[in-house]
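Written below as C-alpha cells is the structure these notes are about.
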Amino acid sequence: MRTQNATAYRFLTPYLLIFAVFWIWPIISSFLISFQATRTVPWRFAPAFNWGRLIGDPAFYNALKNTLLILVIQVPVMIALAIVMAVLLNSPLLKARGLYRFAFFAPVVVGEVAYSAVFRLMFSLDFGIVNKLLNSVGLPKIDWFSNVTPAMALIMIAVTWRWAGYNAIIILAGLQSIPEDVYEAATLDRVSKVRQFFHITLPLLKPVIVFCAVLSIIGTMQLFTEPFLITERGGPGGGTETLGLLLYRQGFRSLNFGYASAVAYTMAGLAIAITLVQLWLMREPK
Amino acid sequence: MAAVTLTNVVKRFGGFEVVHGANIDIADGEFVVFVGPSGCGKSTLLRMIAGLEDISGGDIAIGGKVMNDVEAADRGIAMVFQSYALYPHMTVEQNLSFGLRMNGNPKADTDRRVKRAAEILRIDELMQRRPKQLSGGQRQRVAIGRAIVREPQVFLFDEPLSNLDAELRVQMRVEISRLHKELGVTMIYVTHDQTEAMTLADRIVVLKAGNVEQIGAPLDLYDDPANRFVAGFIGSPKMNFLGAKIVDTSNSAAIIELVNHGGARLRKPLREAFPAIGAEVVLGVRPEHFFEAGEGDCDIPVKADVAEHLGSVSYVYANAGPEELIVEREASRQRAGGDHFTVSIKAERSLLFDKVGARIR
C-alpha cells in the first residue's frame, strides 16, 4: 500500500509543484503582504498600515456597501428567477425544451467583453433599445450610466441576465431528481399544484438552492467585470464600485499590493462568513 | 366501502393500445389482485382507477358512480406506491397527516386518524423519524398508514412489496391480509408475483399484453385455468408442458401421444371439444401431479439433472428427451443429478391445450 502511495505521489509531483508555486504560495504571500507597507522601498512590516487604513477608508466602505447591496438584492432575485425558469423548463407542456435550455445557458459562454459592449449599447441614453422601449410605453428615458441608482440597477440586471440561466440548469437537475410519484401521492392527497410547489418542491430543492446561493454569493463578492466594463470602472463617481474593483484599482493601478491584499482577504473572509451563516440558516433539522 | 366496475376500459399511449377493453367487476369489500408479467397493463389499469392516467375508452365506476372525469383526489381511493412515495423531508407523523392538514381537516380528527393508523400498523415509535431513518418495511408501513388516514372506499396497491427482501415480503403480506380483514374495505392489488396473488386475493385477475385472460378465485385458477398462459403463470414451480398430438378420438375421449417420449400414449376424457385427429396439442402437468411409475395412465422415463431439496419437498429438474420437466417429490432426498427414474401421468390430473394455447376440456 505504501509503495503504491509513493508511486502515486511521484506521478503527482509535477502537478503538486505547480499547485504549490502558483496557488498555495500566492495565497500565503498575499496574506503576508497585507501586513506590509508596500509603497515604500524596501517594503517594511507594518501590520496596522493596511488593516488600519481599511477600517477608516471611505472608499472601502463605499465598495463594501455597493457589493453588499448587489448581493442582498440581486442574488435572491436571480435565484427566484432561476427557480421559476427551471420549473418552466421542467414542465411537460413545454415544446423545444432543448432550445430553451441552450438559450438559458448561452449567456455564460458569451465573452464578457462582448456581452458588456452589447449591454452598454442596449442601455445607451439616446440609441439604446431599452430607452426606446420605455419611451414607446410613455415612460421617460433613463440615463443608466450617469446616475447611481439606475447604474446599480443596470449592474444587477446584467449579472442576473448572465447567471440566472446557469443556476436554472443546476436547479433543473435538482427538480428532475424529485420522483414523480411523490407528486402523484400529493395529488391523491388533494394538494393543489401551488401547494405542492411550496410544500414539496421547494423543501426538496433546498440543498440545490443552497448550493446555487453559495456559488452566487462567492461570485458576487468578487464582482468585477460588470462594474469595470459596463459602468466604466465603477462609475458614476464610484457609485458602482465593488470590492473587486477597489482591489484592482489599489493593486494594479496604484500598485499598492499590501492594501489590495488586505481587501482581498476581507472579501474572502466576508464570503466565508456569509456562506456559513447561510448554511446554518438552511441546515437540515435533526 | 365501494364496488369497482371496469367496463370495456381501453388505454392508448399515442396510437399504441396497451389495455384492450378490460371488463372487471370488483365487489364491495373484496380483495382483488391484478397479476401478470411486466408490461401486461396491470399498473396502467390501477393508475386509471386511481385517476392518475386518463381513460382512452370505456367506463370506470366506483360505488356505482362513473369516475372517468372525476379528479383523482375525489374518487375516494388511496394508493400505496411501489417506491413508497413518502415525502422525504417530513417526519412520519407529517407524512401521515400532510393530506389532511392541507385540506383543512380539523386537528382533533387528523390526530385521531393518524393515531389510529399508527396503532394499526404499529409505527407509534417511529412518528418523529424521517423516511431515510426507516427500514424498507417501516417505510412501507408508513406508506400504508398514509393510505389508511384518508379512510378511503378503495385501497390501491401498486406492487407494494417488490422492494422488500423475501422474509419481509412474507411478513408484510400477512399484515396486508390482516389489514383487509380489519378494515373490510375493497382492495385492489397489483403484482407480478403469483405467490402474492395466490396468498392475498379473494379473486385474481390474470392479465397478458393488455388483455384479461381469466378472473377467478386463486384455487379455481390453479385447478381450472382457461388457457395455457394462465396455467403456466399461476403455480410455482411452473406447470410442465409436453408436446403431444391427437391420434384418435372415441367415446368422449381423445387418445394423445406424447411426441417426445417414444410414442407414450394416454386416454384423456373430454367433455366439450374434440380436436381433429393429427392435431398438435400440449399436455400440461403440474410438478406435483407426476406419480410413481405404474400409478398413472402413462409412464415416461426421465433423467434427473438438478435436484432442489426444500426440506418438506424436493423439486427435481429432469430431462425427458428434448423437454425439461420439473417433478415434485416428497422425501426424495436421495435423488441426485444423473439418476434415471420413471414418472407417471394421470389423465385426470393433466390439462390439454390446443396449439395456440386455448384449453381443450
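FYI, it's all coordinate maths here, none of it is from the lab. Computed from a predicted structure; not experimentally measured. Using ideal geometry, Cβ is built from the backbone for each residue, glycine included, and neighbour counts are taken over all protein chains shown.
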* To do: Within the range A:91-179, list the trypsin sites (Lys or Arg not before Pro) lying in a DSSP loop whose Cβ has at most 13 other Cβ atoms in a 10 Å radius.
  => A:K95, A:K141
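Rounded, prolate or oblate for the range B:240-360? Axes are the square roots of the Cα gyration tensor eigenvalues, ordered a ≥ b ≥ c, and the cut-off for rounded is a/c under 1.5. Walk me through the numbers on the way to the answer.
Working: a/c = 2.27, a/b = 2.09, b/c = 1.08.
Judged from the Cα gyration tensor, the range B:240-360 comes out prolate (a/c at least 1.5, a/b above b/c).
Once you mark the GluC sites (Glu not before Pro) that are in a DSSP loop and have at most 14 other Cβ atoms within 10 Å, what is the longest gap between them in chain B?
Answer - B:72-271.
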* Roughly how many debye, to the nearest 20, is the charge dipole of the range B:212-361 about its Cα centre, given +1 on each Lys and Arg Cβ, -1 on each Asp and Glu Cβ, and no other charges? -> 180 debye
* Post the alpha-carbon centroid distance, the range B:292-361 to the range A:203-247, in whole angstrom. => 78 Å
* Structure fact -> Nearest 10, in degrees from 0 to 90: the angle of helix B:107-121 to the longest Cα principal axis of chain B is 30 degrees
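Volume per residue, Å³, of the convex hull around the alpha-carbon atoms of the range B:1-113?
Hull volume over Cα atoms, normalised by residue count, gives 141 Å³.
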* Structure fact -> Hydrophobic long helices for chain A, i.e. whole DSSP H runs reaching 30 angstrom or more by Cα along the axis with Kyte-Doolittle mean at least 1.0, come out as A:58-90, A:148-176, A:257-281
* Asked: So which aspartates and glutamates pass the test for B:K181, namely a Cα distance under 17 Å, with those fewer than 8 places away in the same chain ruled out?
  -> B:D28, B:E30, B:E119, B:E151, B:E196, B:D202
* What is the total of Lys pairs in chain A with C-alpha atoms under 26 Å apart, excluding same-chain pairs fewer than 8 positions apart? -> 4
* the protein assembly as shown - Rg (one decimal) and Dmax (whole number), Cα, Å -> 37.1, 124
* Structure fact -> So, relative contact order of the range A:58-281 in percent, Cα under 8 Å, 6 or more apart, is 29 percent
* Kirkwood hydrodynamic radius of the range B:100-160, from inverse mean 1/r over distinct Cα pairs, in Å -> 12.3 Å
* **In the range B:76-185, the trypsin sites (Lys or Arg not before Pro) that fall in loop regions by DSSP, at most 16 other Cβ within 10 Å** => B:R122, B:R129
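Calculate the all-directions average of the projected area of the range A:58-281's alpha-carbon convex hull, and give it in nm².
Projected area, direction-averaged: 15.0 nm².
Given the convex hull of the Cα atoms of the range B:139-298, what is a quarter of its surface area in nm²? Write out the running numbers ahead of the final one.
Working: hull surface 51.0 nm².
Mean projected area for the range B:139-298: 12.8 nm², to one decimal.
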* **Coil-residue trypsin sites (Lys or Arg not before Pro) of the range B:183-286, DSSP, other Cβ within 10 Å capped at 16** => B:K238, B:R271
* To do: Determine the dipole magnitude for chain B: charges of +1 sit on the beta-carbon of Lys and Arg, -1 on that of Asp and Glu, nothing else is charged, the reference point is the Cα centre, and the result goes in debye to the nearest 20.
  => 800 debye
* Asked: So what's the net charge close to A:L88: Lys and Arg +1, Asp and Glu -1, counting the other residues with Cβ under 15 Å from its Cβ?
  -> +4
* Structure fact -> the range B:4-233, convex hull of Cα, quarter of hull surface, nm² -> 12.7 nm²
